[in-house]
Amino acid sequence: MRIMHLAGGGDIGGAKTHIISLVKELSGSNTLKLVSFRYGDFAKTAKDAGIDVVEIKSGIIFKDIHDLFLIYDNFKPDIVHCHGAKANMMGLFLKNHRGACVTTTIHSDYRKDYMHNIFKQATIGLFNTFALRIIRFHVAVTEQFARTLISRGFEAYNMFSIYNGIDFEKKIPDVSKQDYFEKYKVPYNTDELIIGIAARLTKVKDIPTLIKGFAKAHEKNNNMRLLIGGDGEDKQMLINLSESLGVGEKVHFLGWIDDVDSFFRVIDIDVISSLSETFPYSLTEGIRAGAIPVSSNVGGATSLIDQKVTGYIFEPRDYETLGDYLIELSQDKNRRVSMQKAVYEHTKANFSLKAMKKKQEEIYSLILKHFNQKERNKVVICGAYGKGNAGDEAIKYTTLLSMRNIDPDMDICVMTLKPKKEKSIDRVQTIYTFNVIKLLFILKKSKIFVSGGGSLIQDVTSSRSLFFYTSTLYLAKKLGCKVIMFGCGIGPISRPFNRRLSGNIIDKYVDVITVRDHLSKEELQSLGVTKPLIEVSADPAVNMNAEKNNTHKIFISEDIPLDGKYICLALRSWKSFNRYDQIALACEYMYKKFGYITVFFPMEYPKDLTVSEKTAELLSTPYYLIHKRYPTEQVVAFMSKMEQVIAMRLHALIFAAANYVPVVGISYDVKVSGFMSYIESSTCLELEDVTKESLIHAMEESFLHQDKVIKATNALKAKETVNKHQFMRLMEK
């Protein structure tokens, strides 16, 4: 591959390191040229690394553009890769006047790049914002930052992410702490915990939060010291702050650090307190040298730090929490040792230079594929998404997972009630569910329309809902899409007109239907649907297996001990539900007999919160109540750690059964009792039959026949693959 990189040439810090490291690695197996629009240290460092560098800076913009065109025409690159505001501007000329395939890496938040200079913010910053919107392909230096950019309207399909790689083969100097401290005239004490930060002393780095957090920790444990490596306009203000907080003698300003490896070698805790970052490169440098990371929740910090496992994350400006974490670390040497080992191994495995090079080459291949794409390729997914119901979100999550297992690069658009929020979460294009005009425009460019899963085709909720979802089937087919109803539940449809309308539209405008149960197939047949292929599968969520790295996250977030034994209760508001006291008594029994603590989990938050609170208030035994909404994968992982799940919500039962946790169903709808029947479980109670005695019997019974339920669940998992196979068959037509 022939690759031309454009850089402003004034890059420093993490951006400079990233560009030169990346270009050097890529040049080993690609033909590469780096154009720098400034003479100086950047270009010299790149040349010293063996990179083919051309410098352009005549001082006359039109001559620079002319020279760039000559270089481009002679080099004939497959792709042009820009870094920074000036490079983006020059890349636009190549895009518009040479038809070049241009991409840009966004190294920092363009909205905050010139916080310290209003003039530059209004000139260079404004133009860079414009250029970024015109350039079609974007690479963010963390996945989190990529999602932030998507939430701002950048196109998900053409947004890629890559993490700064670091050379783990590099030998870190074996520095004597005592010698290092003497060099900077810092008092040395072998027993002290050394906390450090290497950063510019500017507003965006928010060093005051670190100093305040350190001061709080120092009140509880004065056996610690803070080293600040860096310089900047805030230095005197920070010195004054340290003095005013009474820690002036324990906070040391070392000035600009040239040898960062030695700095990180002598500290124990590496802190980032920034208000904004993309990927904090200094964290990986610190980890490589043996430091434990503690970072504000910015940029890609969460990709490095698994909370309280490989480090600590706190919210920006929250110096109180930062102080608490520093106290914890200072008091537990064993924790520091295990944490340092875990984060080193994780970072070495995932953030090496080789991993970075491989990822960037994959990104180039995808960009060139998208650049040359001509045919319709988009997939539109329609469902009851964006309401906050964990079950519907699980359907969306597993449907997207199925699509991406077929093609990781699939161009997907999701119809949802919360398009702005969900496009960044799911990394897809989104449109508001009822924006019909925009939907028409998108359907004209789409290949497949996916309706479902869930129970969209029913009139229990309302006839309006039924009319809307059937009309989307009609529109999609009329505008040239292939149409599949995916893992659906059908019915009940009670009104005669609704039955005739639904049957006619589905029969005429749908190509393939996969349903999650036999009752749904029978309902389709009774509606007169004969033309589309109908296959019985299962709810897509039945194949959601818990990921190990997610199992502890809700526990930690909700302050629930990891070593306890729990039963989960997922209730929902329903017009005839009033058995709070009976359920509470059954939960008390399970605690007294088995030591199981009840956890109330509102699957549709906050709608289910009230009924959970009413039941919890009646308990005389310990309990926990989940107070936040969590990603689907974390909910599944949490359910997998339960001893048992008792639920009115269908997908709480599905999540638990999928991970072989004993379940008890409380049925308010045939879909709940139907699922319990499919997994051959006898522990399902109708809502009106719930008493203390019946529920206790069902809870104890669920443990006794678990082998049979597991066998039936595995059969259901195998059947669910029908959804994916039918979608693939439609894709290939």
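Laboratory data are not the source of any read-out in this text; all were calculated from the coordinates shown. All of these numbers come straight from a predicted model, not from anything done at the bench. Here Cβ is always computed from backbone atoms with ideal geometry, including for glycine, and neighbour counts include all displayed protein chains.
If only the Cβ of Lys and Arg carry +1 and only the Cβ of Asp and Glu carry -1, the dipole of the chain around its Cα centre is close to 2760 debye. Backbone amide hydrogens, once placed in the peptide plane, bring residue 385 within less than 5 Å of 417, excluding anything fewer than 5 places away on its chain. Charges on Cβ only, +1 for Lys and Arg, -1 for Asp and Glu, centred on the Cα centroid of the chain; of 537, 437, 280, which one is farthest towards the dipole's positive end? Farthest towards the positive pole: 437. Amide H contacts under 5 Å for residue 299: 277, restricted to partners 5 or more places along the chain or on a different chain, H placed in the peptide plane at 1.01 Å from N.
Using helices alone, I'd like the mean residue ellipticity at 222 nm for the chain: each DSSP H run of four-plus residues gives -39500 (n - 2.57), total over residue count, nearest 500.
On the way: 30 runs with 344 residues, N = 733.
Mean residue ellipticity, 222 nm, calculated: -14500 deg cm²/dmol.
Farthest towards the positive end of the charge dipole of the chain, among the residues 627, 352, 487, is the Cα of 487, using unit charges on the Cβ of Lys, Arg, Asp and Glu. When both the range 658-704 and the range 337-376 are represented by their alpha-carbon centers, they are found 45 Å apart.
When the pairs 421/548; 423/719; 423/445 are compared against a 21 Å limit on Cα-Cα distance, 421/548; 423/719 fall above it. Each label point was placed 7 Å from the Cα along the Cα-to-Cβ direction; for residue 191 and residue 334 their separation is 2.1 nm.
Axis angle, to the nearest 10 degrees, between helix 692-704 and the longest C-alpha principal axis of the chain: 70 degrees. Couplings 3J(HN,Hα) of the range 566-574, computed from phi: 10, 10, 9, 10, 10, 9, 9, 5, 8 Hz, in residue order, whole Hz [Karplus 6.51 cos²θ - 1.76 cosθ + 1.60, θ = phi - 60°; x for Gly and Pro].
Provide the FRET efficiency to the nearest 0.05 for the residue 116-residue 479 pair, computing r from the beta carbons and using R0 = 35 Å.
Details: r = 51 Å, r/R0 = 1.45.
Here the calculated transfer efficiency is 0.10.
Taking the longest Cα principal axis of the chain as reference, the axis of helix 13-26 is set at about 80 degrees. Positive contributions from Lys and Arg (+1) and negative ones from Asp and Glu (-1), summed over other residues with Cβ under 11 Å from the Cβ of residue 268, come out at +3.
Which pairs, out of 374/478; 308/593; 120/420, put more than 26 Å between their alpha-carbon atoms?
Details: 374/478 21 Å; 308/593 33 Å; 120/420 30 Å.
Flagged as over cut-off: 308/593; 120/420.
Rounded to the nearest 10 degrees, the angle from helix 235-244 to the longest Cα principal axis of the chain is 70 degrees. Cross-link partners of residue 369 among lysines, defined as those whose alpha carbon lies under 16 angstrom from its own and excluding same-chain residues fewer than eight positions apart: 359, 378. Ignoring the sites themselves, the chain has its longest run without GluC sites (Glu not before Pro) in a DSSP loop having at most 14 other Cβ atoms within 10 Å at 376-546.
Of the labelled figures [x] 31.4, 99; [y] 29.2, 89; [z] 26.9, 85, only one reflects Rg and Dmax of the Cα atoms in Å as derived from the coordinates, namely [y]. Taken as Cα centroids, the range 576-616 and the range 62-138 sit 57 Å apart, rounded to the nearest whole angstrom. Near the amide H of residue 666, within less than 5 Å, lie the amide hydrogens of 647, 648, 685, all on another chain or at least 5 residues away, with H placed in the peptide plane. Report the paramagnetic label zone for residue 436: residues of the range 445-469 whose backbone N is under 14 Å from a point 7 Å from Cα along the Cα-to-Cβ axis. Hits in the range 445-469 for residue 436 at 14 Å: 464-469.
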